[in-house]
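Chemist: Below is a structure I'd like to ask you about.
The values are calculated or read from the model by the stated rules, or taken from the named source; none is laboratory data. Everything numeric here is computed off the predicted structure, so don't read it as measured data. Cβ placement follows ideal geometry from the backbone for every residue including glycine, while neighbour counts extend to all protein chains displayed.
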Amino acid sequence: MQQYDVVVLGGGLAGLTLSLQLKNAKPDLSILVLERRENEATTAAHKVGESTVELGTHYLREVLGIKDYLEEHELPKHGLRFFFKSHTKDDIASRVELGPRLRLPVPSHQLDRGTLENYLMWLTQEKGTDLLLGAKVSNVDLSVEAGHQVSYIKGGEEVTVKCRWVADASGRASVLKRKLKFQKPMEHHTNAAWWRLKGVIDIDDWTDNKEWQSFLEPGLRYLSTVHFMDSGYWLWVIPLGSKNTSIGIVADPAVHPFETFNTYEKAVEWMKQNEPLAYKMLEPLGQGEGLLDFKILKHYAHHTERIYSTDRWATTGESGPFLDPLYSPGTDFIAMNNSWLSDLILRDMAGEDITGRVSIYEQSHIALVDSWIPVYQNKYLLMGNTQIMVIKIFWDWASYWAVPSHLFANKAFTNLRILKDLFAAPNSPGRKFGRLHKVMQDLFLEWLPFENRIFSNRYIDPFDLAVLRKFQEEIEIQRGPTEIIEQIEKNMCILEQFAVAIFRLVSAEVNGTAPGIKVNPYTINLGKSENAMQLDTESPEAIAPDPSITKDVDVMWFYPKAAMTTA
Ligand SMILES: Cc1cc2nc3c(=O)[nH]c(=O)nc-3n(C[C@H](O)[C@H](O)[C@H](O)COP(=O)(O)OP(=O)(O)OC[C@H]3O[C@@H](n4cnc5c(N)ncnc54)[C@H](O)[C@@H]3O)c2cc1C
């Protein structure tokens with residue numbers, strides 16, 4: 001029976017990148033990737049998951065080292081771009097638009113998943129990975145003592161191989177999760193439908209308003225991941241390097257039942273009702289051969305009880321947890337998952353006892369997913385409220401750039417000293433980060449009944465806020481363990497100021513509190529929900545306004561502001 005160090009179940013993005021990461025680190029590791037698809041992937045209409053953001057991009061470019069491929073064959077991305085609720089949705093130029101205006105210092109990409117996965121298959125085989133197409137995993141027998149046995153069917157025959165490690169990268173097939181029964185429901189019930197259209201679609205052409213078109217350099221809007229947003233949904237437009245376009249609807253069934261967009265015909269009708277301009281521009285392109293595919297996914301979010309085991313098995317990618325595609329974090333989670341997993345495999349292969357690390361990595365990974373849930377849970381209900389969404393998006397980006405992206409780019413997730421200093425104590429910066437994030441997400445929901453104004457004719461650029469610009473620019477700065485902890489502590493202080501500055505404006509509007517009020521950021525609330533806490537405005541933790549952060553936060557406030565006074 002053939003023996004491998006690692007057998008990877010599934011050759012999608014997670015499995016292929018894991019094999020590459022392992023081979024880069026230890027070229028003599030023997031790896032077998034089993035992929036049930038018979039042939040090479042098709043371009044454009046292969047898989048969903050085309051837009052990358054900073055953390056995942058860093059992984060692809062710097063950790064896996066495929067920067068040259070990405071620059072030559074995939075599109076550079078010009079950030080995430082949002083168009084909000086409007087009375088005049090058939091006039092794109094009049095909608096409130098949020099997105100970067102000038103070229104970005106930190107790269108990201110729009111991926112044609114077919115082209116990318118074909119390249120990754122080729123590259124990992126070049127490095128010595130055995131990869132079989134048309135090989136469907138039929139059974140996994142886990143035995144630490146005798147060695148795991150993986151069986152697969154290829155060409156009608158069943159073959160069994162032995163291995164030290166099994167990495168489940170089978171996506172939603174979730175081979176190990178089903179076998180070992182560690183499924184866990186995720187209380188987030190949104191659905192998605194997506195399709196690919198032949199040809200280039202540039203939203204700059206959706207109006208003849210020259211002033212609006214020239215506000216950005218030609219071609220930059222085209223390179224953004226575009227979101228058209230309103231209550232309960234967003235519709236994406238993503239350009240692909242194969243000169244095709246990806247379109248998708250993601251919606252909360254409480255506002256948009258899945259049955260209203262779960263076939264192509266219904267999705268087109270749904271656009272006619274909700275996004276009339278997109279309907280007008282896209283419907284003709286989907287006729288005949290213009291429509292390359294149409295796919296749906298009901299209730300795509302799922303959780304997991306387990307990820308890494310001392311028995312030398314693990315899950316990676318969607319075979320573990322999956323949360324939500326808003327902000328395009330799928331590749332980020334694969335990056336973190338594969339980095340934890342390859343660290344465990346490499347240490348184990350070097351003879352190290354990995355028991356402690358397995359437990360720390362699993363707890364950290366699951367805690368990370370849990371802390372991310374409030375970013376999405378019930379938040380589709382906010383999507384028709386421009387002022388709330390603008391502030392939420394900026395808050396979510398600030399948090400993402402200030403802490404997880406910076407930690408990942410500094411390889412901090414596999415450094416036990418950093419993990420301990422950041423997460424072990426109840427008042428450690430990492431734990432405070434989770435608490436502050438939850439407080440803010442609750443604030444956005446609490447604010448909802450008080451904020452419903454529809455705005456128009458505004459452009460808002462995240463990089464007009466010095467704090468966002470600084471966080472994003474600093475992601476890739478390399479720091480030693482002591483410096484990274486200090487930096488996260490500094491970033492947490494800025495985030496606390498940012499949170500309190502947002503709260504001051506919201507609370508002044510809703511509750512009439514003094515605009516310069518001192519507040520402990522961890523007690524922020526509007527006092528409107530059932531379990532409302534009392535605001536702490538007196539203790540040493542209560543923060544006074546910081547003029548530079550206040551100035552930044554004012555940029556995203558659409559209302560006239562009350563004069564600043566100290567409470
Ligand atoms: C609506 C939506 C939009 C998204 N948008 C984005 C985005 O913009 N950016 C982003 O980064 N992420 C996005 N994602 C997430 C992204 O799609 C996933 O993170 C990514 O595709 C997961 O990769 P994977 O390798 O885990 O799974 P997959 O890509 O599904 O790969 C699993 C592989 O396993 C194979 N397989 C399954 N069972 C077996 C078996 N028994 N034997 C052998 N092989 C098997 C399958 O054929 C497949 O190739 C989105 C997700 C959704 C639902």
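Chemist: Are there any pairs, at least 6 apart or on different chains, whose C-beta atoms fall under 7 Å, with the first in region 133-146 and over 20 Å from E38 (Cβ atoms) and in the same structural domain as R37 (by TED's automatic domain parsing) and the second among the acidic types (D, E) and surrounded by fewer than 16 Cβ atoms within 10 Å (Cβ to Cβ), and if so, which?
Modeler: So the pair list comes out as L142/D311; V144/D311.
Chemist: If you don't mind, another one. Which count do you get for residues in region 121-140 that are within 10 Å of the ligand (Cβ to nearest atom) and out of contact with any strand residue (DSSP E or B) (no Cβ under 6 Å at 6 or more places or on another chain)?
Modeler: Within region 121-140, residues that are within 10 Å of the ligand (Cβ to nearest atom) and out of contact with any strand residue (DSSP E or B) (no Cβ under 6 Å at 6 or more places or on another chain) number 1.
Chemist: Can you tell which of K23, K85 is away from the ligand (no atom under 15 Å from the Cβ), assigned to a helix (DSSP H, G or I), touching a residue at least 40 places away in the same chain (Cβ under 8 Å) and crowded, with 20+ Cβ neighbours inside 10 Å?
Modeler: On the way: K85 fails: assigned to a helix (DSSP H, G or I).
Only one candidate passes the filter, namely K23.
Chemist: Working only within region 361-407, note down all residues that are more than 22 Å from M492 (Cα to Cα), charged (D, E, K, R) and touching a helix residue (DSSP H, G or I) at 6+ places or on another chain (Cβ under 8 Å).
Modeler: K379
Chemist: Could you count how many residues in region 240-250 are within 12 Å of the ligand (Cβ to nearest atom) and over 20 Å from K298 (Cα atoms)?
Modeler: If we filter region 240-250 for residues that are within 12 Å of the ligand (Cβ to nearest atom), which is where we start, we get 240, 246-250.
Right, trim to over 20 Å from K298 (Cα atoms) and you get 240.
Number satisfying all stated conditions: 1.
Chemist: Mind listing whichever residues of region 419-448 are in contact (Cβ under 8 Å) with a residue 24 or more places away in the chain and over 23 Å from P521 (Cβ atoms)?
Modeler: First, the residues of region 419-448 that are in contact (Cβ under 8 Å) with a residue 24 or more places away in the chain: 419, 421-423, 429-430, 432-448.
Result: L419, single match.
Chemist: Additional query: Which numbered condition trips up T115, out of (1) part of a helix (DSSP H, G or I); (2) within 13 Å of the ligand (Cβ to nearest atom)?
Modeler: Result: T115 fails condition (2) only.
Chemist: Going by what's in this entry, would L422 be described as part of a helix (DSSP H, G or I), at pLDDT below 95 and in the same structural domain as N525 (by TED's automatic domain parsing)?
Modeler: Working: part of a helix (DSSP H, G or I): yes; at pLDDT below 95: yes; in the same structural domain as N525 (by TED's automatic domain parsing): yes.
When the stated conditions are applied, L422 passes them.
Chemist: Name the residues in region 262-286 that are hydroxyl-bearing (S, T, Y) and surrounded by 15 or more Cβ atoms within 10 Å (Cβ to Cβ), would you? First the steps, then the outcome.
Modeler: Start the filter on region 262-286 by keeping residues that are hydroxyl-bearing (S, T, Y), which leaves 263-264, 279.
Scanning region 262-286 gives Y264, Y279.
Chemist: Among the numbered criteria (1) surrounded by 14 or more Cβ atoms within 10 Å (Cβ to Cβ); (2) within 25 Å of the chain's Cα centre (by Cα); (3) of a type in the set (G, A, S), which single criterion is violated by A514?
Modeler: Going through the list (1) surrounded by 14 or more Cβ atoms within 10 Å (Cβ to Cβ); (2) within 25 Å of the chain's Cα centre (by Cα); (3) of a type in the set (G, A, S), A514 breaks only (2).
Chemist: Moving on. Could you count how many residues in region 275-304 are in contact (Cβ under 8 Å) with a residue 24 or more places away in the chain and more than 25 Å from the chain's Cα centre (by Cα)?
Modeler: Taking region 275-304 and keeping what is in contact (Cβ under 8 Å) with a residue 24 or more places away in the chain, we get 275-278, 280-282, 285-286, 289-304.
Imposing the further condition that a residue be more than 25 Å from the chain's Cα centre (by Cα) reduces the set to 276-277, 280-282, 285-286, 289-292.
Within region 275-304, residues that are in contact (Cβ under 8 Å) with a residue 24 or more places away in the chain and more than 25 Å from the chain's Cα centre (by Cα) number 11.
Chemist: Got a sec? Which of F455, F444 is within 19 Å of G99 (Cβ to Cβ) and assigned by TED's automatic domain parsing to the domain that holds A501? If you could, list the steps in order and put the result at the bottom.
Modeler: On the way: F444 fails: within 19 Å of G99 (Cβ to Cβ).
After applying the criteria, what remains is F455.
Chemist: If you scan region 227-238, which residues turn out to be in contact with an Asp or Glu (Cβ under 8 Å, 6 or more places away or on another chain) and either within 14 Å of the ligand (Cβ to nearest atom) or at pLDDT below 95 (or both)?
Modeler: Y233, L235, I238
Chemist: Can I ask one more? For region 303-362, give me the residue count where each residue is closer than 24 Å to K26 by Cβ, within 16 Å of the ligand (Cβ to nearest atom) and not in a helix (DSSP H, G or I).
Modeler: 7
Chemist: Does D130 count as assigned by TED's automatic domain parsing to the domain that holds A45 and free of Cβ contacts under 8 Å to residues at least 24 places away in the same chain?
Modeler: Working: assigned by TED's automatic domain parsing to the domain that holds A45: yes; free of Cβ contacts under 8 Å to residues at least 24 places away in the same chain: no.
So D130 fails the test.
Chemist: I need a count of the residues in region 155-187 that are in contact (Cβ under 8 Å) with a residue 12 or more places away in the chain, more than 12 Å from the ligand (Cβ to nearest atom) and not in a strand (DSSP E or B).
Modeler: The total comes to 6.
Chemist: Sticking with this structure for a sec: Among P107, P100, which is the only one that is under 30 Å from Y233 (Cα atoms) and without any contact (Cβ under 8 Å) to a residue 60 or more places away in the chain?
Modeler: Values: P100 fails: without any contact (Cβ under 8 Å) to a residue 60 or more places away in the chain.
The unique qualifying residue is P107.
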